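Novice: I'd like to ask you about the structure that follows.
Where a number appears in this text, it was derived from the coordinates with a stated rule and is not lab data. Small disclaimer: the values here were computed from a predicted structure and weren't measured. So basically every Cβ, Gly included, is an ideal-geometry build from the backbone, and we count neighbours across all protein chains shown.
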Amino acid sequence: MTPFSRVTGVVAPLDRSNVDTDQIIPKQFLKRIERSGFGPYLFYDWRRTKDFVLDRPEYRGAGILVTGANFGCGSSREHATWALLDAGFRVVIAPSFADIFLSNCLRVGLLPVALAEADVRRLIELAGSRPGAQLTVDLGTQSIHAPGIDLSFAIDPFWRDCLLNGWDEITLTLKQEAEIAAFEARRPDWLPALTSPG
Amino acid sequence: MTLTLAQKLWDRHLVRRVPAEPDLLYVDLHLVHEVTSPQAFESLRLNGRRVRRPDLTLATMDHNVPTAGGRERADAISQRQMQALEENCAREGIVLYGIGSPRQGIVHVIGPELGLTQPGMLIACGDSHTSTHGAFGALAFGIGTSEVEHVLATQCMRLFRPKDMAVTVDGSLPIGVTAKDLALSVIGRLGVAGGQGYIVEYRGSTVRSLSMEARMTVCNMTIEAGARAGMVAPDEVTASYLGGRPYAPSNWAQARSDWDELVTDPDASFDRELLIDAEELEPYVTWGTNPGQSVPVTSRVPAPRGEADERALAYMALEPGQAIQEISVDRVFIGSCTNARLDDLRLAASVIRGRRVHPKVRAMVVPGSAAVKRAAEGEGLDVVFRGAGFEWRDAGCSMCLGMNPDILAPGQRCASTSNRNFEGRQGSGGRTHLLSPPMAAAAAIAGHLVDVREMAS
Ligand code: SF4
């Protein structure tokens with residue numbers, strides 16, 4: 001994972017709650033076997049309706065998405081986070097995130113920032129009233145800045161360290177080999193196992 | 001110490017716990033399918049890693065498989081995904097029940113029917129509806145592709161412990177009301193984010209009297225309330241379902257006595273509790289674009305409470321105050337990991353026996369697995385469905401998510417037994433009403449949404 005420390009970018013507002021991963025990346029684009037190339041299909045159906053907010057020129061190249069509660073609900077497809085990253089987003093700010101989406105974000109290096117509803121509202125208004133306005137999101141100090149705006153956010157310290165250092169979760173877990181093997185040795189013997197086809 | 005079932009299961013799988021880190025948990029069964037796994041296998045290979053426990057990993061093809069005409073009917077990129085899965089499984093020694101295998105089917109249907117899903121296990125799969133397996137008193141988590149890779153490489157997952165919620169349902173379900181209606185009612189009460197951060201345990205006399213298949217429907221839909229997992233403590237119903245299945249425990253007596261411990265202790269407390277009186281439930285239908293937007297079939301499209309509702313009404317082309325039973329449908333889909341098991345098909349068939357699908361409706365039954373299909377054919381259900389004008393298809397996810405050729409055309413309206421009515425879920429511009437299998441069958445006959453209780457023969 002690419003380390004994440006601090007991002008300054010245009011903030012784009014998507015003022016909707018319960019945005020599901022079927023909207024973020026519709027299923028017809030899940031057929032790729034790579035992790036890249038999903039950006040052009042981000043919010044595909046919404047982009048085909050005119051005046052979709054993210055298509056306005058002011059928000060081109062935005063790096064920060066600010067949106068409503070329960071963002072990323074529905075399907076577990078990690079393609080949703082890949083599409084956001086591929087389209088240039090590094091941070092999503094919302095009052096809350098769906099559990100699996102949040103866990104996907106942390107593993108791909110897309111920073112999920114949960115803020116109080118009122119603070120999210122301020123940012124949506126900032127992005128709407130001053131299109132092209134930039135925000136700085138600093139993971140080390142857990143703070144967000146823009147002219148007239150200073151906010152702080154909470155994030156779990158373990159995942160913060162993983163993101164800051166770009167640690168790979170598998171490498172971390174493989175260090176626990178001895179404990180995993182010990183656990184395997186004490187698993188009940190009636191648990192099912194599949195026999196190899198070969 | 002008094003513990004909830006979820007806490008007991010969690011502790012049983014704890015490989016490592018250190019302060020301020022998520023727990024490391026051991027995965028007893030990892031289910032893999034063609035859509036969320038290729039990137040995981042690829043990155044595993046690029047990092048020179050192998051699958052740690054191919055013997056605890058099972059793969060199938062379900063999401064994008066054609067349900068008629070075999071593999072050749074799949075588009076080129078779907079074929080490429082299926083081929084990638086075959087190559088990955090062959091390289092890593094993973095059992096794959098692909099198209100044509102008598103054991104192929106939707107991942108959440110085949111795990112239980114093979115007896116692989118057992119009480120006390122921790123199950124992971126790159127699909128949100130993994131919560132289905134909780135019906136057996138297992139901890140079952142849907143995960144993303146990076147976590148799939150992590151499980152492949154380490155057989156573990158890393159998770160902070162969710163909170164505990166109890167949903168207690170007492171009383172008997174009225175005639176015509178099914179597990180699907182119970183599930184829709186729970187989501188309606190909690191809201192689509194109400195379960196966030198929780199594992200839900202379903203309890204109470206109603207839950208105890210549900211069949212395994214009905215319990216699976218309820219646990220399956222738990223994810224639609226935003227919860228991390230859903231579960232039901234194992235009992236006699238669980239054991240008799242599992243007995244004799246291909247992967248049922250060989251050491252049956254020992255397993256049985258172990259399962260007896262899998263209950264929430266009498267004094268254990270939950271972080272949140274919800275009580276439901278089963279007698280008050282009705283058949284529900286969704287009117288909007290998320291599974292929390294449902295009403296009893298006997299009522300009307302509600303007035304919008306805010307901008308999200310207005311957008312949903314506009315997308316669904318519905319007017320507030322319109323009677324639900326006046327909404328006509330173009331398509332009917334009986335299928336998905338929520339409602340395509342043998343019980344579901346029996347219930348639907350009982351409604352249509354001796355009747356005909358409305359001439360303007362195209363109706364389709366897609367069994368949840370090849371085994372469900374065979375069993376249904378064994379009791380002649382295919383004859384009932386076909387005779388009434390339903391298409392009788394091969395197993396797969398099909399129109400639940402429309403990754404294969406089975407999709408809605410823009411503007412088409414579908415009565416569907418699946419689990420998501422999101423915009424475009426069943427096809428771009430398509431409109432989905434979620435309901436139970438008998439309600440879907442009734443809609444196919446009537447040509448509009450209808451109260452199945454009034455169609456009883
Ligand atoms: S049937 Fe639908 S919900 Fe179930 S696994 Fe398939 S796509 Fe997912």
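Novice: Which GluC sites (Glu not before Pro) does the stretch A:1-98 hold that lie in a coil by DSSP with at most 13 other beta carbons within 10 Å?
Specialist: A:34
Novice: Same structure, new question: Only helical DSSP H runs with n ≥ 4 go in: add -39500 (n - 2.57) per run for chain A, normalise by residue count and round the 222 nm mean residue ellipticity to 500 deg cm²/dmol.
Specialist: Rounded to the nearest 500, it is -8500 deg cm²/dmol.
Novice: List the longest stretch of chain A that has no exposed loop site; here a site is one of the chymotrypsin sites (Phe, Trp or Tyr not before Pro) assigned by DSSP to anything other than H, G, I, E or B, with at most 16 other Cβ within 10 Å.
Specialist: Looking at chain A, A:53-166 is the longest stretch - no exposed chymotrypsin sites (Phe, Trp or Tyr not before Pro) with at most 16 other Cβ atoms within 10 Å.
Novice: Under 17 Å Cα-Cα from residue B:180, which aspartates and glutamates qualify once same-chain neighbours fewer than 8 residues away are excluded?
Specialist: Straight-line reach from residue B:180, under 17 Å: B:170, B:201, B:213, B:224, B:277, B:279, B:280, B:282, B:343, B:344, B:451.
Novice: How long is the protein assembly as shown along each principal axis, judged by its Cα atoms, biggest number first, in Å?
Specialist: Computed over the Cα atoms, the extents are 70, 60, 54 Å.
Novice: Using the Karplus curve 6.51 cos²θ - 1.76 cosθ + 1.60 with θ = phi - 60°, work out ³J(HN,Hα) for each residue of the stretch B:313-326 in order, rounded to whole Hz, and write x for Gly and Pro.
Specialist: My calculation for the stretch B:313-326 gives 4, 5, 4, 7, 6, 10, 10, x, x, 5, 5, 4, 6, 8 Hz in order.
Novice: Shifting gears a bit: In whole Hz, what ³J(HN,Hα) sequence does the stretch B:111-116 give by Karplus (6.51, -1.76, 1.60; θ = phi - 60°), x for Gly and Pro?
Specialist: x, x, 6, 7, x, 6
Novice: Only Cα pairs under 8 Å and at least 6 apart count here; give the relative contact order of the stretch A:6-166 as a rounded whole percent.
Specialist: 27 percent
Novice: On to the next question. Label residue A:15 and residue B:409 with points 7 Å out from Cα along Cα→Cβ: what is the distance between them in nm?
Specialist: Distance between label points: 3.7 nm.
Novice: At most 15 other Cβ atoms within 10 Å plus a DSSP loop assignment makes a site exposed; report the longest stretch of chain A without any exposed trypsin sites (Lys or Arg not before Pro).
Specialist: On the way: sites that count: A:48, A:50, A:60, A:175, A:186.
So the longest stretch without any such site is A:61-174.
Novice: For an R0 of 45 angstrom, estimate the FRET efficiency from the Cβ-Cβ distance between residue B:235 and residue B:73 and round to the nearest 0.05.
Specialist: Efficiency at R0 = 45 Å is approximately 0.60.
Novice: If I stretch the segment between residue B:379 and residue B:271 completely, what's the gain in nm (0.36 nm per residue apart, minus their alpha carbon distance), one decimal?
Specialist: Between residue B:379 and residue B:271, full extension yields an extra 34.4 nm.
Novice: Among A:36, A:152, A:93, pick out the residue whose Cα is farthest towards the positive end of the charge dipole of the stretch A:6-166, where Lys and Arg carry +1 and Asp and Glu carry -1 on C-beta, about the Cα centre.
Specialist: Checked the options; the winner is A:36.
Novice: Taking amide H positions as placed in the peptide plane 1.01 Å from N, state which residues far from residue B:288 in sequence (5 or more) or on other chains have amide H under 5 Å from it.
Specialist: Answer set, sorted by chain and number: B:293.
Novice: Can you pick out the pairs among B:8/B:373; A:31/B:8; A:31/B:373; A:31/B:163 whose Cα atoms lie more than 28 Å from each other? Each step should come with its number before you reach the end.
Specialist: On the way: B:8/B:373 36 Å; A:31/B:8 38 Å; A:31/B:373 26 Å; A:31/B:163 35 Å.
In this structure, B:8/B:373; A:31/B:8; A:31/B:163 lie more than 28 Å apart at Cα.
Novice: In terms of modelled amide H atoms, which long-range or inter-chain residues lie less than 5 Å from the amide H of residue A:139?
Specialist: Hits under the 5 Å cutoff: A:6, A:7.
Novice: Considering every residue in B:150-156, what mean count of other chain Cβ atoms within 10 Å of its Cβ is obtained? Each step should come with its number before you reach the end.
Specialist: On the way: counts 7, 2, 1, 5, 8, 4, 8.
Across the residues of B:150-156, the mean count of other-chain Cβ atoms within 10 Å is 5.
Novice: So for each of B:431-439, B:264-272 I average, over its residues, the number of other beta carbons within 10 Å; can you give me the resulting order with the highest mean first?
Specialist: Averaged packing, sorted descending, gives the order B:431-439, B:264-272.
Novice: Between residue B:83 and residue B:209, what is the spin-label point distance in nm, taking each point 7 Å from the Cα along the Cα→C-beta axis?
Specialist: 5.4 nm
Novice: Still on this structure, please answer the following. Taking R0 as 41 Å, what FRET efficiency do you get between residue A:117 and residue B:319 from their Cβ-Cβ distance, rounded to the nearest 0.05? Intermediate results must be reported in sequence, preceding the final value.
Specialist: Working: r = 31 Å, r/R0 = 0.74.
That gives a FRET efficiency of 0.85.
Novice: Now for a separate question. Among B:409, B:6, B:368, whose Cα projects farthest towards the positive end of the dipole of chain B, with charges put on the beta-carbon of Lys, Arg (+1) and Asp, Glu (-1)?
Specialist: Checked the options; the winner is B:409.
Novice: What's the magnitude of the charge dipole for the stretch A:6-166 around its Cα centre, counting Lys and Arg as +1 and Asp and Glu as -1 at the beta-carbon? Answer in Debye, nearest 20.
Specialist: 480 debye
Novice: For the stretch A:182-189, what does the Karplus curve 6.51 cos²θ - 1.76 cosθ + 1.60, with θ = phi - 60°, yield as ³J(HN,Hα) per residue in whole Hz, taken in order and with x for Gly and Pro?
Specialist: 5, 4, 4, 5, 10, 5, x, 7
Novice: How shielded is A:93-104 by partner chains, expressed as the average number of their Cβ atoms within 10 Å of its Cβ atoms?
Specialist: Mean inter-chain Cβ contacts per residue within 10 Å come to 5.
Novice: Can you pull the mean other chain C-beta count within 10 Å for peptide B:393-401?
Specialist: Partner Cβ neighbours, averaged per residue: 1.
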